[in-house]
Amino acid sequence: MKPLIALVGRPNVGKSTLFNRILRQKSAIVDPTPGVTRDRHISPGEWQGKQFLLMDTGGYAPENDSLSVSMLEQTLRAFEDADAIIFMVDARAGLTYLDLDITKILQKTFKDKKIFFVANKVDNPQVALEAQSLVRSGFTEPYFISARDGAGVADMLDDVLASL
Ligand code: GDP
Ligand code: MG
């Protein structure tokens, strides 16, 4: 069985952009997985000769941060099957309450899972500097990437795949 890597994060942090970037060499059509929610997409990918499945989700949290913690917990159960989780935040926006709620639930629910904390939209050195404050979030030091431009994505993927 190919390991499953899940992209997790509140809306608009760049999950689908990263999904498309990682799978860009693949012409595989992103099909909705039967029997699961319409917007859960799983596609095969390959990195440095290693094969995996990548899961993108959308719309599991409202745009505003009003989702209750128990609802969020319920939603995050969708990631139970994942072998590794890429937890994305938006470095430009900084951490939101929803990011912090997700962090807490991931730490509590998935103690034994590999979770990679990724700060996206770090498109230039200025944002990278500002994003240093995320290091103090109490989670773990993030990988700084730009899903749009590709910066940092290879190093991050190396570590994710090496952990599997
Ligand atoms: P999702 O809701 O988490 O799937 O986020 P999307 O992938 O749909 O991206 C949300 C918005 O952020 C879009 O307008 C993207 O173009 C933009 N975006 C994604 N990655 C980056 C990035 O690395 N840098 C910048 N500046 N914008 C990005
Ligand atoms: Mg999306």
Subject >> Pairwise label distance in nanometres, L164 with A151, each label 7 Å out on the Cα-Cβ vector >> reply: 2.7
Subject >> At R0 = 22 Å, FRET efficiency that the Cβ-Cβ distance of M1 and T140 yields, to 0.05 >> reply: 0.20
Subject >> Gain on full stretching of the segment that runs from R24 to E73 - 0.36 nm per residue minus C-alpha separation >> reply: 14.5 nm
Subject >> Vicinal HN-Hα couplings computed from phi for the stretch 115-128 (Karplus, 6.51 cos²θ - 1.76 cosθ + 1.60; Hz; Gly/Pro x) >> reply: 10, 9, 8, 10, 9, 9, 6, 8, 8, 8, x, 5, 5, 4
**OP:** Starting from the Cα of D81, step 7 Å along the direction of its Cβ; do the same at Q48; then give the gap between the two resulting points in nm.
**Re:** 2.7
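Every number here is computed from the coordinates shown, using simple stated rules; none is lab data. Because the structure is predicted, anything quoted here is derived from the model rather than measured. Ideal geometry is used to build each Cβ from the backbone, glycine not excepted, and the neighbour counts take in all protein chains shown.
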